[in-house]
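Let me begin by presenting the structure, written as structure tokens, before commenting on it.
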Amino acid sequence: MKWFDYAAPRTVAEAAGILASHPGALPLAGGTDLLGQLRSRVRETDLVVDVKRIPELNEISWDAARGLTLGAAVPCYRISAHPVIRRAYPALADVAALIGGVQIQGRASIGGNLCNAAPSADAVPVLIALGAVCLVSGPGASREVRVENFCTAPRRHVLEPGEILVAFQLPPPGPGAGSYYLRFIPRNEMDIAVAGAGVAVTLDDGHIRSARIALASVAPTPLFVEEAGEWLAGKPVEPQSLAAAADLARKAARPITDMRGTAEYRRHLCAVLTRRALEAAIKRAKEERS
Amino acid sequence: MTHRKTLVRATVNQESVEFLCEPRQSLLECLRDILGLTGAKEGCNDGNCGACTVILDGRPVNACLVLGVEAEGCEIETIEGIARAGALHPVQRAYLESAALQCGFCTPGLIVATKALLDQEPNPSEERIRMWLANNLCRCTGYDKVIRAVQRAAEEMREVRA
Ligand SMILES: Cc1cc2nc3c(=O)[nH]c(=O)nc-3n(C[C@H](O)[C@H](O)[C@H](O)COP(=O)(O)OP(=O)(O)OC[C@H]3O[C@@H](n4cnc5c(N)ncnc54)[C@H](O)[C@@H]3O)c2cc1C
Ligand code: FES
Ligand code: FES
């Protein structure tokens, strides 16, 4: 690895100041993506800025009116064990227990998963489905960015130099809510998604009140399939409705062919994973109502 | 760039240590090359194999994916700290007695990860054990004997606790 310096600021303002005055400096959260990239020289930097000692980035808090505030650097193991997240945002708890193995989950953060901006990032479809908003701070004013607008291309996102992702804000789920994430990998664990589907639904007596669907690994960025969720709103909970939404997800996908699968196979997976994730989220929503 | 080394203070196997390292050195390099603790192994150096597993503030992590400087103020437990007062830990004994190793390269990582599991869950299911050890690769033994060793250690540790 090329020589770099290391800073561990204790406040958001200090971190933003350091990043703004050192062009090319890189934030470090759990390091499970970044350290491998620096070692293999996919990326280079003169300065690594460790952001996980900043309290706001390491906090999980819950408020019935505002919902969940999840610090960008909170490691996965704390997320999957958190009682409120397990109950109110089950897909988020699932995905935090599915990224890597326990050693990775001891370090890896959801903020790092998003900022790494890989199309295959497993947590990102879940964040989109749950309606998460990024709280971003920098040398200028703080701003909010919806997760579906965060990634712009593989390895590219909307943060300006000097800006860091501080936390995610997730709206409270409301009654009759359920969420689920499902990915396809050839092994049982420790692999990169060939395709993945994150969904969140809310139900009213036998009908779908609202739904949000997002996909992993089938486009240059994590893909929000807004039209599939909108189409489902008001439809009865019936296999035909779910199949039609799954077909919309399949049509929205713009996958490539690579060593993990062909474009055609990935399109097929989009439909299957979306339908199954919807069924599982609906099951959770019914349990929530009963 | 300063090219200046950093002083890190941490606790390793219940002893306070101070070491000077380059910010780019991994915790694994610091343990092995500076502190002389060569029990944690470098297999892949990219987070996939688990041979470098150590316990950092109570959580198993891959020491190749942690910088030495990140360990400032942390508590670290390595394979060298698992046996106490010259006696093997029940997990170590169970691996030996179940013949759950061949070349032994993966074994320090597996034992450290196993100890971390059994410290928090005395009676894990087979599925739980397999998922917990998914980040520890073994190229020789096959995983069945490893699972038996973990179950055997868990049983023994439960008896001692009871
Ligand atoms: C063995 C192994 C298995 C893995 N399995 C999976 C898997 O199953 N699914 C999956 O999706 N990923 C997987 N990953 C990838 C990785 O673990 C995840 O993407 C993880 O969530 C990254 O988080 P981190 O905190 O480690 O990020 P880091 O490596 O610290 O950072 C990642 C990127 O985000 C930037 N960054 C981090 N935090 C901030 C911030 N607050 N503000 C601005 N920029 C920031 C960094 O500069 C860097 O560019 C795996 C990795 C390994 C090594
Ligand atoms: S050497 Fe660290 S995981 Fe392989
Ligand atoms: S015993 Fe040789 S790698 Fe596991």
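Here, each number is a calculation from the coordinates, and none is a lab measurement. Because the structure is a prediction, the values reported are computed rather than measured. With ideal geometry, Cβ positions are generated from the backbone for all residues, glycine too; neighbour counts draw on all protein chains shown.
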For peptide A:182-191, how many partner chain Cβ atoms fall within 10 Å of a residue's Cβ, on average?
-> 2
Express the Stokes-Einstein translational diffusion coefficient of segment A:72-166 in µm² s⁻¹, to the nearest whole number, given a Kirkwood radius over alpha-carbon pairs, 10 °C and a viscosity of 1.306 mPa s.
-> 116
May I ask for the Rg/Rh ratio of chain B, computed from Cα atoms with Rh as the Kirkwood radius, given to two decimals?
-> 0.99
Relative to the longest principal axis of chain B, what angle (0 to 90°, nearest 10) does the C-alpha long axis of helix B:107-120 take?
-> 70
If you take the square roots of the eigenvalues of the alpha-carbon gyration tensor of the protein assembly as shown and sort them as a ≥ b ≥ c, do you get rounded (a/c under 1.5), prolate (a/b over b/c) or oblate?
-> oblate
Label-point separation in nm, A:Trp3 to B:Gln120, each point 7 Å along Cα→Cβ | 3.9
Efficiency of FRET between B:Arg84 and B:Val160 - r from beta-carbon atoms, R0 22 angstrom, step 0.05 | 0.95
Per residue of A:7-14, what is the mean number of Cβ atoms on other protein chains within 10 angstrom of that residue's Cβ?
-> 1
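Summing -39500 (n - 2.57) over the DSSP H runs of n ≥ 4 in chain A and dividing by its residue number, what mean residue ellipticity at 222 nm do you reach, to the nearest 500 deg cm²/dmol?
That comes out to -9500 deg cm²/dmol.
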Of A:231-237, A:104-110, ordering from highest average Cβ density within 10 Å down gives A:104-110, A:231-237
Roughly speaking, what is the stretch gain from B:Glu127 to B:Glu15, that is 0.36 nm per residue apart minus the C-alpha to C-alpha distance, in nm to one decimal?
-> 36.8 nm
Would you mind getting me the FRET efficiency between A:Ala243 and A:Ser40? Use the beta-carbon distance for r and R0 = 35 Å, nearest 0.05.
-> 0.25
Got a sec? Which residues in segment B:113-149 would a label at A:Glu287 touch, if it sits 7 Å along Cα→Cβ and we count backbone N under 18 Å?
-> B:128
Over the Cα atoms of segment B:6-81, what is the Rg over Rh ratio if Rh follows Kirkwood?
-> 0.91
Highest-first arrangement of A:137-143, A:161-167, where packing means the average Cβ count within 10 Å | A:161-167, A:137-143
Taking every residue in A:102-113, how many Cβ atoms of other protein chains lie within 10 Å of its Cβ, on average?
-> 6
Counting only complete DSSP H runs, which helices of chain A cover 18 Å or more along their long axis at the Cα atoms and score a mean Kyte-Doolittle of -0.5 or above?
-> A:239-252
Measure of size requested: the Rg and Dmax of segment A:177-289, with Cα atoms as the atom set and Å as the unit; please supply both.
-> 13.6, 44
Given a Förster distance of 41 angstrom, what is the FRET efficiency for A:Thr152 paired with B:Asp33, based on the Cβ-Cβ distance and rounded to 0.05?
-> 0.50
